[in-house]
Amino acid sequence: MNKIASFTVDHRFIREWIYISRIDGDITTYDVRMRKPNTDNVMSNALIHSFEHLFATFMRNGALKDNVIYVGPMGCQTGFYLLVRDTRHKAVLDEVKRVLTEIAEYSGEMPGSSEIECGNYRNLDVGLARIEAISYLEKIKDETENDLNYETGEN
Ligand SMILES: [Zn+2]
């Protein structure tokens, strides 16, 4: 079997950051890495789930709503994948930072938090997502479109 692209990246050099994971035609997959891999500091399921509802909702309602293909968590509990079509990297980075600010300041009801709308609706907490958004934004606030490539440790 072929190794999938995300397994070829040396995870020892990944930190809390945003990377380009892969590009398929006009679709770019971003690695929205919120925790450093292979530490004990993974996100809880409640946090991932809460962040997912808000991140997906705000990304799909913002400036790139017509370009966002998918937003979803990594099974390793250290980040999210964000798939965007036909957009410049700078626009995506700016929008992710804007959405993190929106989550950090959000005090409304959790979107999609009913039994009808969600598969585990009791497992949601706006406060958890807010705390994560504040700390992750601090880590990536100075990142630019020139900083999106994975580091290899070969420099
Ligand atoms: Zn849900």
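With the requirement that a residue be closer than 17 Å to residue 112 by Cα and either aromatic (Phe, Trp, Tyr) or in contact with a helix residue (DSSP H, G or I) (Cβ under 8 Å, 6 or more places away or on another chain) (or both), what does region 40-61 give you? Give the steps one after another, and end with the answer.
Here is the first cut: in region 40-61, the residues closer than 17 Å to residue 112 by Cα are 45-61.
46, 47, 50, 51, 53, 54, 55, 58, 59 - these are the residues of region 40-61 that are closer than 17 Å to residue 112 by Cα and either aromatic (Phe, Trp, Tyr) or in contact with a helix residue (DSSP H, G or I) (Cβ under 8 Å, 6 or more places away or on another chain) (or both).
Find the residue count for region 72-94, including only residues that are open to solvent by 10 Å² or more (accessible area, probe 1.4 Å) and not aromatic (Phe, Trp, Tyr).
Number of matching residues: 14.
Take the conditions among the small types (Gly, Ala, Ser), within 21 Å of residue 15 (Cβ to Cβ) and open to solvent by less than 30 Å² (accessible area, probe 1.4 Å) and apply them to residue 56. Does it pass?
Criteria not met by residue 56.
For residue 138, which of the numbered conditions (1) away from the ligand (no atom under 16 Å from the Cβ); (2) of a type outside the set (S, T, N, Q); (3) closer than 23 Å to residue 49 by Cβ; (4) buried (at least 17 other Cβ atoms within 10 Å of the Cβ) fails to hold?
All conditions are met except number (4).
Are any of the residues in region 21-28 exposed (fewer than 15 other Cβ atoms within 10 Å of the Cβ), at pLDDT 95 or above and within 16 Å of the ligand (Cβ to nearest atom)?
For region 21-28, residues exposed (fewer than 15 other Cβ atoms within 10 Å of the Cβ), at pLDDT 95 or above and within 16 Å of the ligand (Cβ to nearest atom): absent.
Determine whether residue 133 is in contact with a His (Cβ under 9 Å, 6 or more places away or on another chain), closer than 15 Å to residue 59 by Cα and surrounded by 18 or more Cβ atoms within 10 Å (Cβ to Cβ).
no
Which of the residues that make up region 93-125 are closer than 14 Å to residue 137 by Cα and either hydrophobic (A, V, I, L, M, F, W, C) or assigned to a loop (DSSP other than H, G, I, E, B) (or both)?
93, 96, 99, 100, 103, 104, 105
Which count do you get for residues in region 104-138 that are touching a Phe, Trp or Tyr at 6+ places or on another chain (Cβ under 8 Å), among the hydrophobic types (A, V, I, L, M, F, W, C) and over 30 Å from residue 15 (Cβ atoms)?
0
Restricting the search to region 59-71, which residues are open to solvent by 20 Å² or more (accessible area, probe 1.4 Å) and β-branched (Val, Ile, Thr)? Walk me through how you get there before you give the answer.
Of the residues in region 59-71, the ones open to solvent by 20 Å² or more (accessible area, probe 1.4 Å) are 60-61, 63, 65-67, 69-70.
Result: 69, single match.
Checking the structure you have, find out if any residue of region 103-124 is in contact with a strand residue (DSSP E or B) (Cβ under 9 Å, 6 or more places away or on another chain) and not acidic (Asp, Glu).
no
Quickly run through region 107-130 and pick out the residues that are away from the ligand (no atom under 16 Å from the Cβ) and crowded, with 17+ Cβ neighbours inside 10 Å.
Result: 130, single match.
Can you tell me which residue among 33, 60 is among the basic types (Lys, Arg) and within 21 Å of residue 141 (Cβ to Cβ)?
None of the others qualify; the one that does is 33.
The values are calculated or read from the model by the stated rules, or taken from the named source; none is laboratory data. Since the structure is predicted, the reported quantities are computational estimates derived from the model, not experimental observations. Every residue, glycine among them, receives a Cβ derived from its backbone with ideal geometry; neighbour counts consider all protein chains shown. When the accessible area is computed, the model is the full protein with side chains, heavy atoms only, and any ligands, DNA or RNA have been set aside. Shrake-Rupley method; radii C 1.70, N 1.55, O 1.52, S 1.80 Å.
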